[in-house]
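Heads up, the thing below is written out as structure tokens.
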Amino acid sequence: MFRHGETDWNRDRRLQGHSDIPLNTRGREQAASLATDLRPMAIELILTSDLSRALETARFVARESGAPIIVIPELRETHLGAAEGLTHAEVVAKFGEDSWQRWLSLHPDDDHFSFHGGESKVQLRDRLFRAIESSLHRFPHERVAVSTHGGALRRILHHVHPAFAEPAIIPNCSVLEFSFEVARQTSSPLWSYKSGPAK
């Protein structure tokens, strides 16, 4: 799984959520480098969010790997509601520092926190895992890439690998590796974390 390349809002440290912000020049350079780095992995299929920053990054990887792309809107970033488009300072000014800390928090008491009109971390996590697992059952390839977003990857990582006690830092075009067993084994988990972020 990898995060999309940089956008102008990433550069300005604005929360993007469902806002469809395209890659900037640096983001396209990052995506091209990512595609080269992933070539040895022999990717067979790419699942991607429909937001243009993730889809364009996926297309760079597809050109390098020859793998087909399947667009899955459920792989989008968290819908942040009234916080979308705001910087950290603007979020704190509008909603208070406590709201920001609850959003970052990994404590179970904060799993259902959301900004007005947006999704909670639990809603995002459940949406992502439903989308990915149903796709892996429908398209049972050995090596599948997922092009998605920073917040989405944090939710996946912290769910699969709870030992990450702090919110993970996942730069643009970072790669995280997971394994998934389609046939549930009683002796091992369905999901396991392998490595990352690699960049």
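Ranked by how many other Cβ atoms sit within 10 Å of their own Cβ, fewest first, the residues Leu51, Leu157 fall in the order Leu157, Leu51. For the range 2-195, the share of DSSP beta bridges that are antiparallel, to the nearest 5, is 45%.
If you take the beta carbon distance between Asp50 and Glu97 as r and set R0 to 35 Å, what does 1/(1 + (r/R0)^6) give as a FRET efficiency, to the nearest 0.05? For Asp50 and Glu97, the calculated efficiency is 0.55.
Name the residue, out of Val182, Val160, Val144, whose mean-square fluctuation peaks in a Gaussian network model built on the chain with Cα pairs under 10 Å. Between Val182, Val160, Val144, it is Val182 that shows the largest mean-square fluctuation.
Helices that extend 30 Å or more along their long axis by alpha-carbon positions and average at least 1.6 on the Kyte-Doolittle scale are absent among the DSSP H runs of the chain.
Among Ile169, Ile21, rank each residue by its count of other Cβ atoms within 10 Å, from fewest to most, as a rough exposure measure.
Ascending Cβ contact count within 10 Å gives the list Ile169, Ile21.
Ranked by the mean number of other Cβ atoms within 10 Å of their residues, highest first, the peptides 119-126, 39-46 fall in the order 119-126, 39-46. Expressed per residue, the C-alpha convex hull volume of the range 2-195 stands at 112 Å³. State log₁₀ I(q)/I(0) for the range 84-197 at q = 0.20, 0.23 Å⁻¹ as given by the Debye formula over alpha-carbon point scatterers of equal weight, solvent excluded. For the range 84-197 at q = 0.20, 0.23 Å⁻¹, log10 I(q)/I(0) is -1.21, -1.47.
For the chain, what is the mean residue ellipticity at 222 nm derived from helices alone (per DSSP H run of n ≥ 4: -39500 (n - 2.57); sum divided by total residues; nearest 500 deg cm²/dmol)? Working shown, then result.
Details: 7 runs with 77 residues, N = 199.
Helix-only estimate at 222 nm: -11500 deg cm²/dmol.
Every number here is computed from the coordinates shown, using simple stated rules; none is lab data. From a predicted model like this one, the values you see are computed outputs, not experimental measurements. Here the Cβ is made from the backbone with ideal geometry for all residues, glycine too, and neighbour counts use every protein chain on show.
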